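*Asks:* Pasting a structure here, questions to come.
The values are calculated or read from the model by the stated rules, or taken from the named source; none is laboratory data. The shown structure was predicted, so the numbers you read here are calculated from the model rather than taken from an experiment. For neighbour counting, all protein chains shown are included, and Cβ atoms are generated from backbone atoms with ideal geometry for every residue, glycine included. These accessible areas exclude ligands, DNA and RNA; they are computed on the full protein's heavy atoms, side chains included. Shrake-Rupley method; radii C 1.70, N 1.55, O 1.52, S 1.80 Å.
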Amino acid sequence: MKSDKIIEIAVNALNDKKAMNISAIEVGELTVIAETFIIATATSSTHVRALADYVEEKLSESGYEPDHIEGKATGWILLDYCGVVIHIFTKDTREYYNLDRMWDDGEKIDLDNILTSAREE
């Protein structure tokens with residue numbers, strides 16, 4: 001499935017570049033906006049941009065291009081891959097918007113399996 005591959009690439013790219021507190025939530029049953037949200041924290045605005053650029057690069061290498069990007073000059077960048085929306089925040093911005101709590105009714109995705117399977121390939 002296309003979404004599964006996007007999630008795997010994005011999560012591993014975020015992890016490779018030292019994103020913190022990476023989470024993924026299935027939200028397709030709750031909204032038409034997306035199937036999955038990936039949420040990650042960066043250490044600074046510069047780190048937010050670096051993470052977003054790296055995720056975009058890695059997904060592009062695999063043939064996936066973003067449908068839309070928001071917030072390139074802020075503490076929150078959103079990368080929309082038509083079904084998978086990647087949110088990269090500074091710590092303060094993530095705490096302020098608290099998407100994890102807002103979408104708490106969604107099913108959490110176990111990222112340990114995604115990170116492990118990518119390392120084994």
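*Asks:* Go through Y64, Y54, Y81 for me and flag whichever is touching a residue at least 40 places away in the same chain (Cβ under 8 Å), under 15 Å from the mean Cα position of the chain (by Cα) and more than 16 Å from D4 (Cα to Cα).
*Replies:* Numbers: Y64 fails: more than 16 Å from D4 (Cα to Cα); Y81 fails: more than 16 Å from D4 (Cα to Cα).
Answer to the check: Y54.
*Asks:* Could you list, in sequence order, the residues of region 17-34 that are modelled with pLDDT of 95 or more, out of contact with any Phe, Trp or Tyr (no Cβ under 6 Å at 6 or more places or on another chain), open to solvent by 30 Å² or more (accessible area, probe 1.4 Å) and not in a strand (DSSP E or B)?
*Replies:* Within region 17-34, just K18 meets the criteria.
*Asks:* Among the residues of region 54-74, what is the count of those that are part of a helix (DSSP H, G or I), acidic (D, E) and closer than 25 Å to K108 by Cα?
*Replies:* Restricting attention to region 54-74, the residues satisfying the condition of being part of a helix (DSSP H, G or I) are 54-61.
Then drop every residue that is not acidic (D, E), which leaves 56-57, 61.
Applying the additional criterion that residues be closer than 25 Å to K108 by Cα yields 56.
Going through region 54-74 one residue at a time, the tally reaches 1.
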